[in-house]
Amino acid sequence: MWWLFIPLVIVGVVLLLTLALLLLGRYKNGALLRPLITRLSRIGFMRRFFTRVSTAAMERQNPELAGALKKINAVSSNPNPQAVQKAMSRLTPSERRAYMEAAGEQGAVPDSANRQMRRQAERMQQQARGGRPGGGAARKRKRK
């Protein structure tokens with residue numbers, strides 16, 4: 001007869017864990033929950049669950065950024081500069097603007113390997129801000 005209480009105990013434990021996760025998520029804006037999530041994301045099905053939940057939340061909050069990340073992540077398995085540039089060219093202007101704003105907030109604007117790629121990234125940031133791609137500063141010539 002005691003074995004009838006096993007499902008009730010399991011449901012109670014699951015409810016307590018859910019309550020603990022909710023409280024950890026609310027306390028200090030989830031600072032205590034982040035290490036727990038990183039450990040749980042080592043498990044395959046949990047990682048897929050977390051990515052699905054985060055993309056759904058992003059699609060609700062910022063659909064342009066979600067579309068941009070979906071297009072950029074298509075080439076993330078092979079991140080050579082040409083593939084990334086090709087994926088960036090497929091973005092709409094609103095998606096590009098949202099991606100550059102998010103990358104600027106994260107501080108994840110990648111340091112490019114050479115001068116040409118750095119200048120190209122600067123031009124894209126200028127276009128995202130609505131400025132001229134040339135920079136706009138006039139250069140003075142030296143007199144001989």
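The values are calculated or read from the model by the stated rules, or taken from the named source; none is laboratory data. Note that the coordinates shown come from a computational prediction; the quantities given were computed from them, not determined experimentally. So basically every Cβ, Gly included, is an ideal-geometry build from the backbone, and we count neighbours across all protein chains shown. Surface areas here come from the heavy atoms of the whole protein model, side chains and all, with no ligands, DNA or RNA. Shrake-Rupley method; radii C 1.70, N 1.55, O 1.52, S 1.80 Å.
Of the helices (runs of 4 or more DSSP H) that lie entirely inside the range 1-83, those containing 1 or more residues that are closer than 24 Å to Y99 by Cβ and either in contact with a helix residue (DSSP H, G or I) (Cβ under 8 Å, 6 or more places away or on another chain) or open to solvent by 90 Å² or more (accessible area, probe 1.4 Å) (or both) span 33-40, 44-61, 63-73.
A Cβ distance below 6 Å, combined with a sequence gap of six or more or placement on separate chains, defines the contacts here; from the range 88-106, residues that are modelled with pLDDT under 85 reach residues that are surrounded by fewer than 19 Cβ atoms within 10 Å (Cβ to Cβ) and of a type in the set (S, T, N, Q) in the pairs M100/Q125. Every listed requirement among (1) open to solvent by less than 90 Å² (accessible area, probe 1.4 Å); (2) closer than 30 Å to R118 by Cα is met by K86 save one, (1). Restricting the range 112-132 to residues that are under 20 Å from S94 (Cβ atoms) and either outside any helix (DSSP H, G or I) or touching a strand residue (DSSP E or B) at 6+ places or on another chain (Cβ under 8 Å) (or both) leaves a set whose member that is modelled with the highest pLDDT is G130.
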